[in-house]
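The values are calculated or read from the model by the stated rules, or taken from the named source; none is laboratory data. On a predicted model such as this, the values are computed, not experimentally measured, just so you know. All Cβ positions, even for glycine, are placed from backbone atoms using ideal geometry, and neighbour counts span all protein chains on display. Protein only, heavy atoms only, side chains kept; ligands, DNA and RNA dropped before computing areas. Shrake-Rupley method; radii C 1.70, N 1.55, O 1.52, S 1.80 Å.
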Amino acid sequence: MDNNKGLLVEERQGEAILVEQQSDNLLGKKVYLESYGCQMNFSDSEIVASIMSKAGFETTRNAEEADVVLLNTCAIRDNAEQRVRKRLTQFQSDKKNNPDKVIGILGCMAERLKSQLLEEEKLVDLVAGPDAYRDLPNLVTEVGTGQKAVNVLLSRDETYAEITPVRLDFNGVSAFISITRGCDNMCSFCVVPFTRGRERSRDPKTIVQEAHDLFEKGYREVTLLGQNVDSYRWNITKKGAIIDDQKEVVNFAQLMQKVADVHPDLRIRFSTSHPKDMSDEVLEVMSKNENICEYIHLPVQSGNSEMLERMNRGYTREWYLNRIASIRKHMPNCGISTDIISGFCGETEEQHQDTLSLMKEVKYDFAYMFYYSERPKTLAARKFEDDIPLVEKKRRLTEVIDLQQQHSLESNTRSVGQVHRVLIEGNSKRSDKDQCGRNTQNVMCVFPKTTFKKGEYVNVRVSDCTAATLIGEIV
Ligand code: SAH
Ligand code: SF4
Ligand code: F3S
């Protein structure tokens with residue numbers, strides 16, 4: 001789910017999202033929102049925009065004219081935090097011209113550092129963790145009265161279930177729907193369980209309703225979001241005990257079926273799957289439903305079982321390869337992508353080679369790749385030494401990236417000559433004469449514009465490609 005990944009990730013997330021949206025503007029106040037990190041954060045910013053809009057704040061894409069500036073931040077790697085610090089310093093210096101401007105930090109870095117950025121570093125006026133967004137209007141008022149505006153309480157049940165997000169995207173074709181929050185997995189390298197708290201699932205009725213409303217508004221693609229979507233469960237405990245006899249029990253496969261039933265023209269994607277939990281039941285539902293995209297993001301992290309054990313991932317190399325075999329059996333053309341960490345604590349050259357050999361075996365269509373960045377308080381920070389020198393981490397990462405680049409190009413080259421069904425997302429970034437959209441495997445396709453509009457499905461014959469994009473024309 002994260003998405004500011006090494007080199008490639010930066011591309012997917014772009015710099016930051018700038019937003020503009022109309023509201024009743026009761027108080028004539030304006031809020032500016034900037035998001036970093038994973039899709040979950042971008043989705044949360046839409047909840048924040050909704051809460052702020054109800055409190056009378058219109059969103060603006062111009063930070064200068066905003067009364068409130070909110071940065072929704074990520075803490076997954078140190079460089080993600082450094083970027084935010086730089087940005088905050090910038091906003092602080094702009095504040096000299098407008099001392100009343102409120103600068104606030106939201107999201108995972110806010111949760112991790114709590115009041116530190118407000119009290120010690122004096123970089124912000126307001127701090128709100130991921131479960132405290134309903135409190136934002138109060139916190140803004142508190143800043144005005146000189147109080148300490150901090151709320152970093154994590155919740156066991158907050159899912160913002162009934163809040164209708166204000167869509168901040170520009171295409172109006174594809175949208176995110178959060179289905180779970182938090183994570184109980186405790187991968188040893190990962191800060192997310194500390195910044196997002198315990199895992200909880202959202203009421204399936206509100207999820208289906210949101211998908212339905214989006215379809216009515218013209219959206220044609222939804223991505224169901226969670227740190228580990230396979231552990232979605234409603235009305236049933238982890239051990240399998242039903243909570244309320246009168247209510248329906250829903251697991252992830254069943255939830256996906258319900259969302260797929262909303263309309264055959266609504267495409268379904270989801271992220272992120274966890275190899276230890278991804279079931280054949282999910283694969284069966286995928287292969288049965290035309291509108292569930294044939295694409296799975298299945299982070300492996302390492303190709304060596306001893307490393308995986310150290311990472312506390314809950315699976316071995318063999319288990320992972322068995323899951324890949326099952327995906328291919330159910331859907332021979334399924335797109336598969338992954339996340340990889342190079343240079344985790346104690347990783348030997350041989351173990352690094354195991355990651356490369358696993359990549360050669362799976363031949364991922366796409367990957368997000370990082371070198372290990374130690375995060376305070378995590379299991380790894382407490383138990384293991386961060387002993388791989390930075391130059392060596394980077395060397396290994398470069399090998400991983402180079403290999404993936406070859407595989408991505410090979411995968412796209414196989415598509416040349418084929419016809420793919422593509423959902424048009426809008427004009428291509430490079431030229432207004434071209435449109436772009438993704439095929440079911442999540443690969444971006446670019447083709448000359450015709451009379452078809454964004455939100456429509458077209459068949460594109462692929463004539464050329466790069467490692468990242470398919471190029472073709474509508475047939
Ligand atoms: N919930 C998702 C991933 C969330 S974080 C999952 O379990 O797959 C996204 C990715 O960031 C992870 O898959 C991992 O590859 C990377 N990542 C997480 N912590 C990291 C760290 N400390 N250093 C480097 N990369 C990290
Ligand atoms: Fe982090 Fe692991 Fe949870 Fe993913 S599953 S968010 S990597 S702890
Ligand atoms: Fe996402 Fe970054 Fe938080 S990856 S969950 S925003 S630490």
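Before we move on, is ALA211 touching a residue at least 40 places away in the same chain (Cβ under 8 Å), outside any loop (DSSP other than H, G, I, E, B) and outside the structural domain of MET109 (by TED's automatic domain parsing)? Yes. Considering ARG83, ARG112, the condition of being within 16 Å of ligand 1 (Cβ to nearest atom), in contact (Cβ under 8 Å) with a residue 12 or more places away in the chain, touching a helix residue (DSSP H, G or I) at 6+ places or on another chain (Cβ under 6 Å) and open to solvent by 20 Å² or more (accessible area, probe 1.4 Å) is satisfied by ARG112 alone.
Determine whether PHE370 is within 16 Å of ligand 2 (Cβ to nearest atom) and surrounded by fewer than 21 Cβ atoms within 10 Å (Cβ to Cβ).
no
In this structure, ALA367 does satisfy being aliphatic (A, V, I, L, M) and in a strand (DSSP E or B).
Residues in region 288-329 that are hydrophobic (A, V, I, L, M, F, W, C) and either open to solvent by 60 Å² or more (accessible area, probe 1.4 Å) or over 19 Å from ILE268 (Cα atoms) (or both): VAL300, MET307, LEU308, MET311, TRP319, LEU321, ILE324, ALA325. Does ARG202 fit the bill of being within 14 Å of ligand 3 (Cβ to nearest atom), within 20 Å of MET40 (Cα to Cα) and open to solvent by less than 40 Å² (accessible area, probe 1.4 Å)? For ARG202, the condition - within 14 Å of ligand 3 (Cβ to nearest atom), within 20 Å of MET40 (Cα to Cα) and open to solvent by less than 40 Å² (accessible area, probe 1.4 Å) - is not met. Of everything in region 191-207 that is in contact with a strand residue (DSSP E or B) (Cβ under 7 Å, 6 or more places away or on another chain) and within 16 Å of ligand 2 (Cβ to nearest atom), the residue that is nearest to PHE176 (Cα to Cα) is SER201. When region 370-389 is limited to residues that are assigned to a helix (DSSP H, G or I) and touching a residue at least 24 places away in the same chain (Cβ under 8 Å), the one that is farthest from CYS190 (Cα to Cα) turns out to be LYS383. State yes or no: is SER287 among the hydroxyl-bearing types (Ser, Thr, Tyr), on the phi < 0 side of the Ramachandran plot and not in a loop (DSSP other than H, G, I, E, B)? Yes; evaluated as a whole, the condition is true for this residue.
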